[in-house]
Ligand SMILES: Nc1ncnc2c1ncn2[C@@H]1O[C@H](COP(=O)(O)OP(=O)(O)OP(=O)(O)O)[C@@H](O)[C@H]1O
Ligand SMILES: [Mg+2]
């Protein structure tokens, strides 16, 4: 459904834009309908840049991003199918207006023909779908709602559209543990409805386990990707191992923490792109001192 092909983003930096910085470098992956794909990598690895390009908020410098075969075209029709939810839900609301104004804006631009009563019913249904009580959240100002409630209202808003893809960028990082689980359960439900979700995260949070597939990003390039259980069950790239080692493992003995690393890419005799170590599991060069680069 969503396909990124050799996508690159070069930012102009410096006071006069004279220097450039490559934030995303030749990234390719796809997100299918009814699938959660997690995009994981340390801070600054280019995850949000990828999300912004998918959402048409910034253009790609090279490569192509397509939804159902058609290139990203920011605008009303595109946003009917693709929506983003971000880390800080407060920033998506205008504090001067009641939070449910976000629903009114959707009605005005997408469903002007729908009657008021019919629309109110749709809004209430969407709010119940995200496990909120309409009576408790409608008519309130953003500061009168919790982060988790605002986050879920944004997802409810997205549900009112004919959504195909949701880009969820660090959506749970500001939430407490139990609210986080609620939001993750919600994502699991979206996936059941046939939506594709790109779940962006900088750490191995619970959300990663919701994802069928995982893409590990480092310095703007994909170092490893594939089925989540393969990528994290048998990580091949040292960076993926590092990410895993950062997660406290209560039952693993210390000696398991840093297994010896070989470059599976070169051991596999690969050149160009990623090496498919096994079906549904690909890895980039480990960049070891003895890698013949
Ligand atoms: N508008 C911009 N102009 C110049 N450089 C930018 C711009 N936006 C992002 N960058 C740089 O691109 C790199 C990737 O940024 P990005 O926001 O995509 O990272 P990220 O993986 O989402 O990180 P985090 O986990 O901290 O959110 C960073 O080095 C950042 O400084
Ligand atoms: Mg980010």
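The values are calculated or read from the model by the stated rules, or taken from the named source; none is laboratory data. Predicted model only: the values in this text are computed from it and were never measured. Here the Cβ positions follow ideal geometry from the backbone for every residue, glycine too, while neighbour counts run over all protein chains shown.
Here's the yes/no breakdown for (1) in contact (Cβ under 8 Å) with a residue 40 or more places away in the chain; (2) under 19 Å from residue 132 (Cα atoms); (3) under 13 Å from the mean Cα position of the chain (by Cα):
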position	(1), (2), (3)
159	no, yes, no
171	yes, yes, yes
176	no, yes, no
182	yes, yes, no
190	no, yes, no
196	yes, no, yes
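List the number of the failed condition for residue 69; all other conditions in (1) away from ligand 2 (no atom under 16 Å from the Cβ); (2) in contact with a helix residue (DSSP H, G or I) (Cβ under 8 Å, 6 or more places away or on another chain); (3) over 14 Å from residue 201 (Cα atoms) hold.
For residue 69, the failing item is (2).
Please verify whether the range 94-111 includes one or more residues that are within 16 Å of ligand 1 (Cβ to nearest atom), in the same structural domain as residue 9 (by TED's automatic domain parsing) and either over 22 Å from residue 141 (Cβ atoms) or not in a helix (DSSP H, G or I) (or both).
Taking every residue of the range 94-111 in turn, none turns out to be within 16 Å of ligand 1 (Cβ to nearest atom), in the same structural domain as residue 9 (by TED's automatic domain parsing) and either over 22 Å from residue 141 (Cβ atoms) or not in a helix (DSSP H, G or I) (or both).
Exactly one of these conditions fails for residue 165: (1) farther than 25 Å from residue 194 by Cβ; (2) in contact (Cβ under 8 Å) with a residue 12 or more places away in the chain. Give me its number.
(1)
Determine, yes or no, whether residue 38 is surrounded by fewer than 19 Cβ atoms within 10 Å (Cβ to Cβ) and either assigned to a loop (DSSP other than H, G, I, E, B) or more than 11 Å from ligand 1 (Cβ to nearest atom) (or both).
no
What about residue 68, is it buried (at least 19 other Cβ atoms within 10 Å of the Cβ) and either in the same structural domain as residue 227 (by TED's automatic domain parsing) or at positive phi (or both)?
no
Out of all the residues in the range 203-235, which are out of contact with any helix residue (DSSP H, G or I) (no Cβ under 7 Å at 6 or more places or on another chain), assigned to a loop (DSSP other than H, G, I, E, B) and either under 25 Å from residue 158 (Cα atoms) or within 16 Å of ligand 2 (Cβ to nearest atom) (or both)?
Those that are out of contact with any helix residue (DSSP H, G or I) (no Cβ under 7 Å at 6 or more places or on another chain), assigned to a loop (DSSP other than H, G, I, E, B) and either under 25 Å from residue 158 (Cα atoms) or within 16 Å of ligand 2 (Cβ to nearest atom) (or both): 203, 205, 219, 220.
Please verify whether residue 42 is within 16 Å of ligand 2 (Cβ to nearest atom) and in contact with a strand residue (DSSP E or B) (Cβ under 9 Å, 6 or more places away or on another chain), treating the condition exactly as stated.
Yes; evaluated as a whole, the condition is true for this residue.
Is it true that residue 80 is touching a residue at least 12 places away in the same chain (Cβ under 8 Å), away from ligand 1 (no atom under 15 Å from the Cβ), more than 14 Å from the chain's Cα centre (by Cα) and surrounded by 13 or more Cβ atoms within 10 Å (Cβ to Cβ)?
In short, yes.
Is there any pair with a first residue in the range 265-288 that is over 21 Å from residue 229 (Cβ atoms) and a second that is exposed (fewer than 15 other Cβ atoms within 10 Å of the Cβ) and modelled with pLDDT under 90 whose Cβ atoms are under 6 Å apart and which are 6 or more apart or on different chains, and what are they?
Correct list of pairs: 266/291; 285/291.
Taking residue 67 and the conditions (1) modelled with pLDDT under 90; (2) touching a strand residue (DSSP E or B) at 6+ places or on another chain (Cβ under 8 Å), which numbered condition does it fall short on, given that it satisfies the others?
(1)
Whether any residue in the range 49-57 is away from ligand 1 (no atom under 13 Å from the Cβ), in a strand (DSSP E or B) and surrounded by 15 or more Cβ atoms within 10 Å (Cβ to Cβ) is what I want to check.
Scanning the range 49-57 turns up no residue that is away from ligand 1 (no atom under 13 Å from the Cβ), in a strand (DSSP E or B) and surrounded by 15 or more Cβ atoms within 10 Å (Cβ to Cβ).
Looking at the range 8-36 only, could you name the residues that are touching a residue at least 12 places away in the same chain (Cβ under 8 Å) and within 16 Å of ligand 2 (Cβ to nearest atom)?
9, 11, 23, 24, 27
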